[in-house]
Amino acid sequence: FMSTQIRNFCIIAHIDHGKSTLADRLLEVTGTVSTREMKSQLLDDLELERQRGITIKARSVTMRFKRNGQDYELNLIDTPGHVDFQYEVSRSLACCEGALLLVDAFQGVEAQTVANAFAAMEHDLTIIPVINKIDLTHARPDEVAEEMMNSLGTDPDECVRVSAKTGQGVDGLIDTIIEHVPDPGGDPKAKLQAMVFDSNYDDFRGAITYVRIRQGTVRKGQKIRFLRAGTEHEVVELGQFTPQRQSRDSLSAGQVGYLICNIKSLSDVHIGDTVSVPGDNPAEPLPGYDRPKRMVYCGLFPSDGQDFSELRDALERLSINDPSFEFEPETSDALGFGFRCGFLGLLHMEIIQQRLENEADIDLVQTAPNVTYEITDKRGEVHEIHKPQDVPDPGDIEEFRQPIVRCNVIVPDDFIGPVMKLCQERRGIQKSQEYLAAGRAMLTYDIPLAEVVYDLHDKIKSCTRGYGTLDYEMVGYEPADLVRMDILVNGKRVDALSIVCNRADADRRGRAVAKRLKKEIERHMFEVAVQAAIGSRVIARETVPAMRKNVTAKCYGGDITRKRKLLQKQKEGKKRMKAIGNVEISQKAFMAVLSDS
Ligand code: GDP
Ligand code: MG
């Protein structure tokens, strides 16, 4: 394929505006996948993605298409739409020349529409505005085209109107892609220069490296060099995703595909690395990607200490497929050996935890998530804090800083009041308020990340009846009056239960947490005291009275199988428990410190 016949593009949109469905239609219309083989959202093949109906990992797929007697190769890169995965979106953008900016004909422009469109503009992509779901009876494509013009500067006459569901307009969209997305350029005879934009692990083939060829040609059987890793390998297979792997003899400038090089460990493949020829005279390295920023940390501990090495293996496998996730060993007095893990956001954290439980079958105890803090101590040294128990005692702190994010919330104007109230309660500072169209406003606030990560998105959804949308980006660290609050169980500090909170909230939070813990801790044969403290000052206390219910007592008499079942159930319930001294604490209790009011 000559590069003039290649088009590389992605679809960017707010979640649920129809990216995956449009990808399905494109695969079908180009005959890449027959209607019979078609199952919906074909690119979302991770089990978890299907369960939750969202796209987590970016996928690429190659489509062949004939137009006016000319063959074209269309490479589509599907991107995730959730705020937590902005990093993957940006990786996809770097491999494309064009982006379909998809907007739901009823919902209109949303927070991530704006965020993704600006990201695409930063990468200098040609943007094709597309209005989807025109089949809906309440579709309002003319108004949506105007909203897009006001917020994104797109020309209403250039908006392509489609229904990804019925296929209406999709043929015309392919014509627009071929006419308007620039060809990728590059010279197939030049020295090989390719960008690694993703990788995954296949149990039989080892590491599969996803590449976009910038210059030159890579052939089956040749040797290649990863410039940043400094390693050399033989290409045993290469090809493209159609969407299943299809091997080819070569890939050249402009093409997107995969390499298999007998690489046994995914840690040898770096996302953002450049592939070139072996030896001392390779091509220039391409600019890599920005490292993704971990915004949220939590501890993961195996319920059963025996599972520690199994957990480590499972985390390693995950981090290979998902370089935005990071982990390091952590030891807790309360929970034993485990790992401190860094995530892009809360959804990301939830997904990793579920994957671990599904794929590795390990029961986990997870500690309450926290953001990264910065502390300058009395000696003027700066510390980056990833876990509350590392916060020094109050007397050693000169300045305590927390991350602040700029939040864009897009809402119908009936809901401006409730959203402003919510943002103020979360210590937000309003930056601006604009109208995108009659009746739709964009509010911008600077809010501490800690106030955003836990549940701001859900809260905005519920106070706007689902119509409000949120996106945020990091602004920087700012000083705040924060304290470390500890929890003591029978006088013993439980390190994994410490949290960081505002001094002004500490008394209220302390009382709430002690109350919640009292509910979550089962009765023991003895009394259990739960206290919240700042430094040596106790701010709240609750007592769990003694005595423990005997679960088998209520079925005295003959039914032995029933009794066994109950005992078994009790045993399973215990798995997720941890003993603190002689007090057993459940997984739920470790999350209880998050409970607010
Ligand atoms: P994504 O989150 O952007 O990937 O969105 P999906 O492709 O998963 O679509 C979200 C929902 O919108 C699904 O229930 C789709 O069936 C529906 N949908 C997508 N495109 C259309 C369309 O053109 N018309 C209608 N009526 N529904 C659509
Ligand atoms: Mg999707």
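Observations
- Taken about its Cα centre, region 296-352 carries a charge dipole of roughly 120 debye when the Cβ of each Lys and Arg holds +1 and the Cβ of each Asp and Glu holds -1.
- Amide proton proximity set for Ile585, modelled H, under 5 Å, gap of 5+: Lys578, Ala579, Ile580
- Estimated dipole of region 131-185 in Debye, rounded to 20 [Cβ of Lys and Arg +1, of Asp and Glu -1, Cα centre]: 340 debye
- Proximal aspartates and glutamates to Lys518, defined as alpha-carbon separation beneath 18 angstrom and excluding residues fewer than eight positions away on the same chain: Asp486, Asp495, Asp507, Glu527, Glu542, Glu584, Asp596
- Per-peptide average of other Cβ atoms within 10 Å, ordering 385-394, 244-253 highest first: 385-394, 244-253
- Prolate/oblate/rounded label for region 186-274 (Cα gyration tensor, a/c 1.5): oblate
- Potential lengthening between Asp390 and Ile416 on full extension [0.36 nm per residue; Cα-Cα distance subtracted]: 5.4 nm
- Listed peptides 505-517, 11-23 appear in the order 11-23, 505-517 once ranked by packing, highest mean of other Cβ atoms within 10 Å at the front.
- For region 291-393, the relative contact order works out to 35 percent when only alpha carbon pairs closer than 8 Å and six or more residues apart are counted.
- Magnitude of the charge dipole for region 409-533, about its Cα centre and with charges confined to Cβ atoms of Lys, Arg (+1) and Asp, Glu (-1), is about 580 debye.
- Long-range amide H partners of Gly345 with built H, under 5 Å: Met295, Val296
- Put simply, the amide H of Gly239, placed in the peptide plane, has neighbours under 5 Å in Arg248, Tyr258, leaving out anything fewer than 5 places away on its chain.
- Residue-by-residue Karplus 3J(HN,Hα) for region 463-479, coefficients 6.51, -1.76, 1.60, Hz, glycine and proline x: 7, 10, 6, x, 7, x, 10, 10, 9, 8, 9, 5, 9, x, 9, 9, x
- Entries of Lys421/Lys515; Lys378/Lys431; Lys19/Lys461; Lys19/Lys189 with Cα pairs more than 30 Å apart: Lys378/Lys431; Lys19/Lys189
- Sorting 439-445, 232-238 by their mean Cβ neighbour count within 10 Å, with the most densely packed peptide first, gives 439-445, 232-238.
- Estimated vicinal HN-Hα couplings, Hz - region 360-367 in sequence order (Karplus 6.51, -1.76, 1.60; Gly, Pro = x): 10, 6, 10, 7, 10, 10, 10, 8
- Fraction of accessible area attributable to carbon and sulfur, region 215-294 (%, probe 1.4 Å): 41 percent
- Unit charges at the beta carbon, dipole of region 235-392: most positive-side option, Ser319, Pro243, Gln366: Pro243
- Net charge contributed by nearby residues that have their C-beta within less than 9 Å of Asn262 (K/R +1, D/E -1): +1
- Where region 399-520 is the region considered: accessible area per residue in Å², 1.4 Å probe: 43 Å²
- Applying a DSSP loop filter and a limit of 15 other Cβ atoms within 10 Å to the trypsin sites (Lys or Arg not before Pro) in region 107-209 leaves Lys189, Lys191, Arg205.
- Overall form of region 287-370 per C-alpha gyration tensor (a/c, 1.5; a/b vs b/c): prolate
The values are calculated or read from the model by the stated rules, or taken from the named source; none is laboratory data. This one's a predicted model, so the numbers in the text were calculated from it and none came from an experiment. Using ideal geometry, Cβ is built from the backbone for each residue, glycine included, and neighbour counts are taken over all protein chains shown. Surface areas here come from the heavy atoms of the whole protein model, side chains and all, with no ligands, DNA or RNA. Shrake-Rupley method; radii C 1.70, N 1.55, O 1.52, S 1.80 Å.
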